[in-house]
Amino acid sequence: MGCRDCRFCTEPGIVQGGRSLAIGLFYLVTLGIGWVLARMVRALQSRCPQCEHRMKLHARRMDGSFKD
């Protein structure tokens, strides 16, 4: 389930599907090394508790609160 403030969650399904295919192809071509590196980087980034996307992808107001 996505959240309403996230840029990735509110994109059309065709865009999300294309992104998933591209990432899957990347992991296949790199024989899983890309997946391991992505997991290492992901552990260091702040994530949304609802959708697990990066917090910098979420829309915010000038005062730092989330847009509704």
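Read-outs throughout are calculated quantities, based only on the coordinates presented, and are distinct from any laboratory measurement. Note that the coordinates shown come from a computational prediction; the quantities given were computed from them, not determined experimentally. Here the Cβ positions follow ideal geometry from the backbone for every residue, glycine too, while neighbour counts run over all protein chains shown.
Structure summary
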| quantity | calculated |
| --- | --- |
| Scope region 13-34; condition in contact with a helix residue (DSSP H, G or I) (Cβ under 8 Å, 6 or more places away or on another chain) and not aromatic (Phe, Trp, Tyr); matching residues | 34 |
| Count of residues meeting criterion [surrounded by 11 or more Cβ atoms within 10 Å (Cβ to Cβ), free of Cβ contacts under 8 Å to residues at least 40 places away in the same chain and part of a loop (DSSP other than H, G, I, E, B)] in region 1-56 | 4 |
